[in-house]
Each structure stands twice: as structure tokens, then as C-alpha cells.
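**Q** Quick one: the structure is below, questions incoming.
The values are calculated or read from the model by the stated rules, or taken from the named source; none is laboratory data. Since the structure is predicted, the reported quantities are computational estimates derived from the model, not experimental observations. Glycine gets a Cβ as well: all are built from the backbone with ideal geometry, and neighbour counts include every protein chain shown. Areas reflect the complete protein model, heavy atoms only, side chains present, ligands, DNA and RNA absent. Shrake-Rupley method; radii C 1.70, N 1.55, O 1.52, S 1.80 Å.
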Amino acid sequence: MLSEKYKEFTKWVIYQVYPRSFMDSNGDGIGDLQGVISKLDYIKDLGANAVWLCPCFKSPNEDNGYDVADYCDIMDEFGTMEDMDQLIDGLHKRGMKLILDLVPNHTSTDHKWFQESRKGKDNPYSDYYYWFDAPPNDWESSFGGSAWQYDEMRGQYYLHTFTVGQADLNWENPAVVKAMQDVVDFWVDKGCDGFRIDVIDCIAKDLPNDKDRMGPRLHEYIRALFGCEKTAHLFTVGEGNTNDIEDIVLHCAAERGELSTIFIFDHMECGRADKFTPKKESLKTLRDYLTGWQEKTSKHDLLYSLFIENHDQPQMISRIGNDRELRYESATDIAAMVFLLKGVPFIYQGQEIGMPVAHYDSIDEFNDVESIGAYRKYRETLSEEETLEKINFGSRDNPRHPMAWNGTEGNGFTTGKPWLLPHSRAAEVNVENDLAADRSIYRFYQELLKLRADNDAFTTGDFEVISAPEDDFFVFIRTAGDDKWAVVCNFEEERNIKLPFECEEPALSNLGRDTADGTYAPYECAVARAR
Ligand code: GLC
Ligand code: CA
């Protein structure tokens, strides 16, 4: 069912970099673009061929770059435009692509547009934001408190769906649409190959009506950005807010000319009752979500985004795997479960070495605005200890601790003082240790991604689940023409698994098994071609 354009995109393997925490080249404790450049071979050797860079634009960093003060300039701490040119060049020379993070819903209140807009009701930027004499509704900010903030200078309230420093742009104003088109064009001219689009579903509002935040003109705005001659070839992935297949078709079926794909988030609730509350759950839950989406998306010309981690999410391995004794087994088994499905793989920095969640004993050790807001809220009703347990589990700091390249002080990330504490398990879980181990998660990823790249069955092939819903394991097949592969992923308990057809010796297996049938240890997996 996939169009040619989407077939091409199934060959992309995207590695997500959180630049602030990836690699610091100058010892100021903050990751930067030169740091990313120095690790391009590491990313390429893994088997990724595209990098999604979280926002790297000028920003006062109230929300770590998601508060943009200038879309066409680089954040001071990250480097200069020359560094960016060098990064684009470094990627393209290696045959890799660059995906930038576009934040079209809001700007920093430091942005020139906002600074002008607040001055009065009759300058060219007056209507760039939502201004009201009184809050027209009772919307709350995603990070706590009212979403409406009074501005002394203008004498009116503006909308901020996120922090007070992130003012929502008014897309009803054609000048805003044009301004954002110019931003996209600027980066396309520079050689950017695609965009991840922050909270795309939020951009169209219907104020002062307040039924919900998804206004009727959303699709028109998306097409204005990505349905043009200059942009239609781009790879675009929206951060979505929908689990409805009809809606997803409207956003990203190929013939719509909108987005290439969208992050669907329902499976991200695996292992938790809410963002800060763990729940005992198993790999089975993840399997059921994934299987459901494989089946639903297969009926359309749709690309599914294969991801279980990002910069906003505590690591999945700690929620549904065993991140202690069976960390290697869990990390590799989950990788096979997710990245051999039909879609585009996204690997978050550290996932390829099985980074788990971290743990700290005081709220002072946290940086994330969302965690600090949640801490205050929970402390109203819970003890210090209970609250910290929640924050440790759910904090967005978990994936944002400096990448652990080795176990030394600074973890090979910086020679200075890191902007955020080193990961509490960095001495044990780091790239150097993983690569030196007999069983390396990074090397497993390499083998997996190579297998995927070498066999069309895993990219453009069909998907079929053959394990039963009640089974405590996941077996699926991927088929392209006569080429048929079985992917067998066991869950938490030892199980005997028998395939309904004969297979060759597994081409990939995390515990080195030589036959696809038989007894599987907890979290054991194997991938084998049918005879
Ligand atoms: C998205 C980003 C998140 C950010 C928010 C506001 O959810 O992933 O990191 O805080 O949007 O821009
Ligand atoms: Ca630096």
C-alpha cells in the first residue's frame, strides 16, 4: 500500500540527539554542535542514517530550547551558524540526513515578534499572539497554573500553553503563517532534510471559542508549511495528540500532502498509571499496542513512527523491562520487538546502550520545569519521600542527563561541570563499558539495523502477527515476495516457542541461539528466515 515516497522513508533510521546533553566540545558543561560533529561516526556506525536534533535555535532556555527567540540563529551555548553548516556538511558527506525541530506553536517571550507585539495594538506584530482583556477561558498551562498571563506593557493577557515564557502564536494571522514558512524555507535552503514538528496539533485554535485546542484550520496550516513545491519532498514527523486512525490518515496519508508521519503516543503509557505513577505492566501491553497500530496503519498509505523513547519520556526499559540483572536482555529484546516492525525507527541517545532511569534524593538535583511543577503539586498531598519517588520515575530529566560516554568524572561528556547532574548509573552504564562487554547492546543494534537495511522484508514488507493475544511472547513475520522472516521475542518467563514453519539458523539473536524453535530464556529473542 505504500507510495514510492514513503517506501524511501522506511529506509531512514533516525537517531535523536538532545544537543545540550550529547557531547560538550569546549568544557563549559553544555553539549554543543561541535560535540555532535565529533560523534557523527558513532551514530553512523550504529546504523542510523539521519539525525533529529532537538531545538538548537537562539533561546533563553526556559524550556531547554523549546522557547525559541530566533528561529534562524543558533543558541549561543551550542555554537554558531558556521558550526551548523559544518554539521550539515558532515552529515551529508556521510550520506546522512538532518531533521531539525521546528517549534511553530509558540515563541519565547524574548522573541522580537513578542517584544514588538506587547508594545501595543497597532504595530505589525500586534496580532502575532493571542491577546485578550480578560482570560476568555480557563485553560491551564501544560506545566501547571493558568495558561493566561497578564502583560503590564500591553495591559492585556496572552496565551501560553506551556511556560509563561512560551507565548502561543496566533496562526489566524496570515503574517504568522508566512513568517513560519520563511523559517522553513531558510532551513531548507541551508540543506535541512526534514523536520520534527513540536506540538503540531496545538497550532490551530478557535479562540475565543474554547471547545478544545484543535481548531478547524489545522490542516490548512500544515499544508501551508509542507505542502508547497519547495517542501513537499521533506521528511516531516509531527508530535501528535491523537490516537484516532481517521485523524491520523488526515494528517499523514501520502495523498494529503501534509506530514510524512506522526508520533502516536498511546503505547507510551505502558508501565505507568500516569506520567509520574508506575504501574506493574509487561511487554505484553507494549506488544498489544504495537500490533494494533501495525494492523490499523497497514490499511492506508501511512508511515508509522517506531519509537519508545524521547527527551520527554522516562526510559521504557525501566518501566517494562528488568533494568538491573537482565538489562542487556531487556534492551535487546525490546529493540527487536519495536525496530523490526513496519515503520520508521527513531532511536533516542543512550537507548542503544540500554540507559535506564536515574535516581536522586532531593528536588534540588532536578532541572526540568515540568518535574518541578509536579513536585510542588504532589507535595500538597504527599510526603517528601512519596513525592520524590514519583518525580524520579517520571521526570523528563531521566533522558536528559549527559550522555555517558565512559565512567570517568564528567563521563567523557565534558571536562567541566555538566549543566545537569551525571546520570546516577553512569559509572556502570556507559558507552565504553557497553562496547567492552561480551554482550554489547550497541553491537546488537548494529546487527539489527544492518539486517533491516539488507532485507526489504523489514522495511517495505508486510507485517503479520502469529502469536496469539494470550501468549506471553510476541512472534511476528515480515514478508516481501518469497522472502519471509520470523521475529520471536519472549517476555518475562521462560517459554517454549514453536513456529508454524521451518526456519534457517537465526540471523540475529541476543543470546546466541542456533535454532528459532525451542526454549526461550526470559527476554530472549531471535530473528530467522523461513526456509
Ligand atoms: C513538546 C516537546 C517538549 C516541550 C513542549 C513545549 O512536547 O517535546 O519538550 O516542552 O513541546 O514546546
Ligand atoms: Ca559546550
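**Q** Can you pull out the residues in segment 342-391 that are in contact with a Lys or Arg (Cβ under 8 Å, 6 or more places away or on another chain) and part of a helix (DSSP H, G or I)?
**A** 370, 371, 374, 378, 387
**Q** Shifting gears a bit: Could you please let me know if residue 480 is open to solvent by 40 Å² or more (accessible area, probe 1.4 Å), hydrophobic (A, V, I, L, M, F, W, C) and touching a helix residue (DSSP H, G or I) at 6+ places or on another chain (Cβ under 7 Å)?
**A** In short, no.
**Q** Let me ask something else. Restricting attention to segment 392-405, which residues are assigned to a loop (DSSP other than H, G, I, E, B) and either under 17 Å from residue 311 (Cβ atoms) or open to solvent by 30 Å² or more (accessible area, probe 1.4 Å) (or both)?
**A** Across segment 392-405, the qualifying residues are 395, 396, 397, 401, 402, 403, 404.
**Q** Assuming residue 161 fulfils every condition listed in (1) in contact with a Cys (Cβ under 8 Å, 6 or more places away or on another chain); (2) open to solvent by 10 Å² or more (accessible area, probe 1.4 Å) apart from one, which condition is it?
**A** (2)
**Q** Here is a list of conditions, (1) of a type in the set (A, V, I, L, M); (2) open to solvent by less than 10 Å² (accessible area, probe 1.4 Å); (3) more than 16 Å from residue 198 (Cβ to Cβ); (4) part of a loop (DSSP other than H, G, I, E, B), and residue 232 meets all of them except one; can you say which number that is?
**A** (2)
**Q** Restricting attention to segment 325-368, which residues are without any contact (Cβ under 8 Å) to a residue 40 or more places away in the chain and among the aliphatic types (A, V, I, L, M)?
**A** Hit for segment 325-368 is 363, nothing else.
**Q** If you don't mind, there's one more thing I want to ask. Go through segment 1-91 and tell me which helices (runs of 4 or more DSSP H), entirely inside it, have 1 or more residues that are open to solvent by less than 10 Å² (accessible area, probe 1.4 Å) and more than 16 Å from ligand 2 (Cβ to nearest atom).
**A** Answer list for segment 1-91: 4-9, 40-46.
**Q** Now a separate question. Quick check on segment 100-125: of everything there that is within 14 Å of ligand 1 (Cβ to nearest atom) and among the hydrophobic types (A, V, I, L, M, F, W, C), which residue is farthest from residue 157 (Cα to Cα)?
**A** 100
**Q** Another question, then. Within the group 457, 486, 516, which residue is assigned to a loop (DSSP other than H, G, I, E, B), among the hydrophobic types (A, V, I, L, M, F, W, C), touching a strand residue (DSSP E or B) at 6+ places or on another chain (Cβ under 7 Å) and buried (at least 19 other Cβ atoms within 10 Å of the Cβ)?
**A** Exactly one residue qualifies, and that residue is 516.
**Q** Which residues, counting only those in segment 369-414, are within 16 Å of ligand 1 (Cβ to nearest atom) and touching a residue at least 40 places away in the same chain (Cβ under 8 Å)?
**A** If the condition is that a residue be within 16 Å of ligand 1 (Cβ to nearest atom) and touching a residue at least 40 places away in the same chain (Cβ under 8 Å), then 369, 370, 373, 374, 394, 395, 396, 398, 399, 400, 401 are the ones that fit.
**Q** Ok, one more. Mind counting the residues in segment 489-504 that are out of contact with any Ser or Thr (no Cβ under 7 Å at 6 or more places or on another chain) and either assigned to a loop (DSSP other than H, G, I, E, B) or of a type in the set (Phe, Trp, Tyr) (or both)?
**A** Count: 7.
**Q** All but one of (1) modelled with pLDDT of 95 or more; (2) farther than 29 Å from residue 317 by Cβ; (3) open to solvent by 10 Å² or more (accessible area, probe 1.4 Å) hold for residue 213, so report the exception by its number.
**A** It is condition (1) that residue 213 fails.
**Q** Let me ask another. Quick one: which residue in 231, 236 is over 17 Å from residue 264 (Cα atoms) and among the hydroxyl-bearing types (Ser, Thr, Tyr)?
**A** 231
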